[in-house]
Amino acid sequence: MPATGDRIEVAASPFPYALDPAHTALVVIDMQRDFVEPRGFGETLGNDLAPAATTVAALIALFREKHWPILHTRESHKADLSDCPPAKRLRACAWRDRHRQVWQGLFYATEVGDILTKRGITHLVPAGVTTEVCVQTSTREANDRGYECLLIEDATASYFPHFKAATLEMIRAHGAIVGWTTPLDALSKAVG
Ligand code: TIU
């Protein structure tokens, strides 16, 4: 296991990522039925995100094995759908989450920033759906707040493959301007 001090070097793009094992959390974004299962929003767009679910499950298993923190998000709307965009409201689907409302970003109008600060988290490993919407917004929000983000390429999915490819490129452009990307296999090999 290549290590630099307390850091673990993970092969990543655009250059190796220095994972800080004591201050790293996995963020599983919106792996919810509406996006990944038949008859959900995803199916109305004609695409299937289910393959990424297998990789997300393996990623969760890796973090559990290491006893590293895992944060799950769920995109949700008010029961009267007043905060639901028209494209989704047409399907009249409401998530009755009384605990919090999560929109496209992980931090906006949520308690996530406080939770991560209290836990001393400085490094985030985002995964989930969809790559160019909630995953990208959340990764950008995290990067703006100083978190070092390593997006797991095969643990995220889009309804449109070219959107996913473009998003991964944008994130790691300009010398990791938003963050790093790597396949799960590279992370698994690095952390042992
Ligand atoms: N979680 C998330 O990405 N919400 C979306 O609405 N995604 C779309 O791709 N529309």
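The values are calculated or read from the model by the stated rules, or taken from the named source; none is laboratory data. What you are looking at is a predicted structure, and each value in this text was computed from that prediction instead of being measured. Here the Cβ is made from the backbone with ideal geometry for all residues, glycine too, and neighbour counts use every protein chain on show. Calculation scope for accessible area: heavy atoms of the full protein, side chains included, ligands and nucleic acids excluded. Shrake-Rupley method; radii C 1.70, N 1.55, O 1.52, S 1.80 Å.
Looking at (1) surrounded by 17 or more Cβ atoms within 10 Å (Cβ to Cβ); (2) part of a helix (DSSP H, G or I), which is the one condition that is false for ALA57?
For ALA57, the failing item is (1).
With respect to SER13, is the statement that it is within 28 Å of TYR108 (Cα to Cα), free of Cβ contacts under 8 Å to residues at least 60 places away in the same chain and among the small types (Gly, Ala, Ser) true?
no
Which one is nearest to the chain's Cα centre (by Cα) among residues in segment 7-43 that are in a strand (DSSP E or B) and not β-branched (Val, Ile, Thr)?
LEU26
Would you mind finding the one in PRO14, PRO21 that is farther than 21 Å from VAL129 by Cβ, away from the ligand (no atom under 12 Å from the Cβ) and in contact with a helix residue (DSSP H, G or I) (Cβ under 6 Å, 6 or more places away or on another chain)?
On the way: PRO21 fails: in contact with a helix residue (DSSP H, G or I) (Cβ under 6 Å, 6 or more places away or on another chain).
Exactly one of PRO14, PRO21 is farther than 21 Å from VAL129 by Cβ, away from the ligand (no atom under 12 Å from the Cβ) and in contact with a helix residue (DSSP H, G or I) (Cβ under 6 Å, 6 or more places away or on another chain), namely PRO14.
Somewhere in segment 153-175, is a residue at pLDDT below 95, open to solvent by 40 Å² or more (accessible area, probe 1.4 Å) and within 16 Å of the ligand (Cβ to nearest atom)?
So far as segment 153-175 goes, yes, one or more of its residues are at pLDDT below 95, open to solvent by 40 Å² or more (accessible area, probe 1.4 Å) and within 16 Å of the ligand (Cβ to nearest atom).
With the checklist (1) within 16 Å of the ligand (Cβ to nearest atom); (2) modelled with pLDDT of 95 or more; (3) open to solvent by less than 10 Å² (accessible area, probe 1.4 Å) in hand, flag the one item THR137 doesn't pass.
Of (1) within 16 Å of the ligand (Cβ to nearest atom); (2) modelled with pLDDT of 95 or more; (3) open to solvent by less than 10 Å² (accessible area, probe 1.4 Å), only one is false for THR137: (3).
When GLU43 is evaluated against the numbered criteria (1) over 11 Å from ALA157 (Cβ atoms); (2) within 10 Å of the ligand (Cβ to nearest atom), which criterion, by number, is the only one it fails?
For GLU43, the exception is condition (2).
Tell me, please, whether a residue that is surrounded by fewer than 19 Cβ atoms within 10 Å (Cβ to Cβ), in contact (Cβ under 8 Å) with a residue 40 or more places away in the chain and not small (Gly, Ala, Ser) can be found in segment 117-129.
Yes, the conditions are met somewhere in segment 117-129.
Give segment 24-40 a look and list any residue that's more than 16 Å from the ligand (Cβ to nearest atom) and touching a strand residue (DSSP E or B) at 6+ places or on another chain (Cβ under 7 Å), or say none.
Correct list: THR24, ALA25, LEU26.
Looking at (1) away from the ligand (no atom under 14 Å from the Cβ); (2) at negative phi; (3) modelled with pLDDT of 80 or more, which is the one condition that is false for ALA53?
The failed condition is (1).
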